[in-house]
Amino acid sequence: MRFFFIFLFITIGSFSVKSQLPIDFTVDNFFSPADSQKLSLHFTNRSFFKNNEYFNTLYEGATYPGFQVEPTLVYNPGSTTRIEAGIRLLKYFGRDGIYRLEPVFRFQYQPVQYFQTILGTLYGGSNHGLIEPLYRWEKNYTDATENGVQFLFKTKQVKADIWLDWEKFILPNDPFQEELTYGTTFTWKLLSDDRKFNISIPFQTLINHHGGQSLSVDIPLRTIFDFASGIKTSLYPKSGKIRELNFEFWYMGYKDMSPQKLQAFREGYAIYPRTEIYVSNFIFQAGYFHGDMFISPKGETLFHSALIPFHDEKRPIRDLATFKLAFRKQIHKGISLAAYVETYTDVNVPQTDYCYGLHLTMDRMFFLKKYLSE
């Protein structure tokens, strides 16, 4: 019952916090009424190289070299609507052909400047703002696009993101389960933006479900629930090279809500204090993660006590010291470059896993034509 009220409280307060990453994947998805009846070309490219030197027994390292291209046509029929259609292409270097080619189609309805409804392809991945133990950020260029329904809310002090990602659709007698993820993220700034100091309250929830009815196979249902909340304090010096200084404290919870418990642990928790400083074009981050039987299906595996689905290896208690250094710079309008190194030290072994990479992003909107009203 106690867990139910925690779940209910966080779901009601379901808004978004910007996740702190070496690479800025976020997209400004709100549009202006002045865009009415405009036709534009939206071109996004992400060229990446990420090398994971991981040596732990839960998750082995891998290297991801390649690029992702997403050209779409954007049309605003009126001041409150936008339609976007195109393709998303993923290519890995050293692999023949295209690894993944997907359609992109989204309909956005924005009745007021601070609220938006999206049907179709979602603004997913790191746009949701999930903390790293709940969302592994390299999924931005390894996983398929998210499709479903999304609700966005944005003011100067409050941001919200509520979404349903329908990952696998089923028909009667299919030999596999449906898969979907429901998520909410929330951030509330307690003070106005014009101050040198601010305090934020974040809430995040993630429910991953595998199930369905009338299947030709008998597979147990699986429902995993994770949540995260905490407090963030931010300093914004008005002079000098330090642009921003943050301290965050996160508390996370995990619960297996499946009718038949098949995971390594039924429930768990974690805490994650971390500090972050922006100096010129550099970002420094340090944190300490303590987990007790904590698991999240889409999170960074290095933080977890076991895998989903469960294999023989499990580590009930996790203690990780994390250090991250990134260089991020906009080299032209809509084009940015990032280089980074990240380390995860398991103090109980001890053992250090690390990764490093390079990322080049282009995100530009090119105006094509204005359709005048008759």
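The table below gives the values:
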quantity	calculated
Output for the range 288-336, where each listed residue is of a type in the set (Ser, Thr, Tyr) and either over 21 Å from the mean Cα position of the chain (by Cα) or not in a strand (DSSP E or B) (or both)	SER296, THR301, SER305
Within the range 45-92, considering residues that are outside any strand (DSSP E or B) and hydrophobic (A, V, I, L, M, F, W, C), the one farthest from CYS355 (Cα to Cα)	LEU58
Subset of the range 349-364 that is at pLDDT 90 or above and over 23 Å from the mean Cα position of the chain (by Cα) - its residue that is nearest to THR26 (Cα to Cα)	THR352
Leading residue by the ranking (surrounded by the most Cβ atoms within 10 Å (Cβ to Cβ)) among those in the range 116-157 that are under 16 Å from PHE186 (Cα atoms) and basic (Lys, Arg)	LYS154
Residue count, the range 93-130 (criterion: under 22 Å from THR26 (Cβ atoms), in a strand (DSSP E or B) and not hydrophobic (A, V, I, L, M, F, W, C))	10
ASP194 vs. criteria out of contact with any Lys or Arg (no Cβ under 8 Å at 6 or more places or on another chain) and closer than 30 Å to LYS255 by Cβ	no
Residue under evaluation GLY287, criteria (1) without any contact (Cβ under 8 Å) to a residue 40 or more places away in the chain; (2) surrounded by fewer than 17 Cβ atoms within 10 Å (Cβ to Cβ), criterion not met	(2)
Residue in the range 159-182 that is in a helix (DSSP H, G or I) and under 30 Å from PRO237 (Cα atoms) present	no
Among residues of the range 137-196, those that are at positive phi and in contact with an Asp or Glu (Cβ under 9 Å, 6 or more places away or on another chain), counted	1
Scope the range 23-44; condition in a strand (DSSP E or B) and either of a type in the set (S, T, N, Q) or free of Cβ contacts under 8 Å to residues at least 40 places away in the same chain (or both); matching residues	SER40, THR44
Condition check for GLU146: under 19 Å from the mean Cα position of the chain (by Cα) and modelled with pLDDT of 95 or more	yes
Number of the exception - PRO111 against (1) free of Cβ contacts under 8 Å to residues at least 60 places away in the same chain; (2) under 23 Å from the mean Cα position of the chain (by Cα)	(2)
Test: VAL341 is hydrophobic (A, V, I, L, M, F, W, C), free of Cβ contacts under 8 Å to residues at least 24 places away in the same chain and over 18 Å from GLY66 (Cβ atoms)	yes
Residues (farther than 21 Å from PHE30 by Cα and surrounded by 16 or more Cβ atoms within 10 Å (Cβ to Cβ)) located in the range 63-87	TYR64, PRO65, GLY66, PHE67, GLN68, VAL69
So LYS314, is it modelled with pLDDT under 90 and closer than 22 Å to TYR269 by Cβ	yes
Residue within the range 158-165 that is under 24 Å from ILE224 (Cα atoms), surrounded by fewer than 19 Cβ atoms within 10 Å (Cβ to Cβ) and in contact (Cβ under 8 Å) with a residue 12 or more places away in the chain present	yes
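The values are calculated or read from the model by the stated rules, or taken from the named source; none is laboratory data. This is a predicted model, so every value here is computed, not measured. Every residue, glycine as well, gets a Cβ built from its backbone with ideal geometry; the counts of neighbours run over all protein chains shown.
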